[in-house]
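So the structure is just underneath, and the comments pick up after that.
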Amino acid sequence: MRLANDFKDQKCARCFQPMHHGSTIDAVYENSEWYHRRCLEEGKRQFAEAQKQSHLAEDSTPASSRRPSEQ
Ligand SMILES: [Zn+2]
């Protein structure tokens, strides 16, 4: 099967390891890229963490970025 052969050559877009790793294939196709399920979940977790950090940063910016004339 062509699909299976294509898949075998794929590498994880996150860790760049072959998708066919050991005896288990636990692959997820997302955003036109192949990921190990574990890698995708780790990526999402880090993305969520980054989002949270940026929101915290936003919350702390207004006071320092506010111009004196606007007070
Ligand atoms: Zn991976």
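The values are calculated or read from the model by the stated rules, or taken from the named source; none is laboratory data. Keep in mind that this is a model prediction, so the values were computed, not measured. So basically every Cβ, Gly included, is an ideal-geometry build from the backbone, and we count neighbours across all protein chains shown.
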The stretch 17-45 residues that are part of a loop (DSSP other than H, G, I, E, B), paired with ones that are at pLDDT below 90 and away from the ligand (no atom under 12 Å from the Cβ) (beta carbon under 6 Å, 6 or more apart)
HIS20/LYS8
Residues satisfying the stated conditions in the stretch 1-54, i.e. more than 13 Å from the ligand (Cβ to nearest atom) and modelled with pLDDT under 90
MET1, ARG2, LEU3, ALA4, ASN5, ASP6, PHE7, LYS8, ASP9, SER23, ASN31
By residue number, the members of the stretch 31-62 that are among the hydrophobic types (A, V, I, L, M, F, W, C) and either at positive phi or in contact with a strand residue (DSSP E or B) (Cβ under 7 Å, 6 or more places away or on another chain) (or both) are TRP34, LEU40
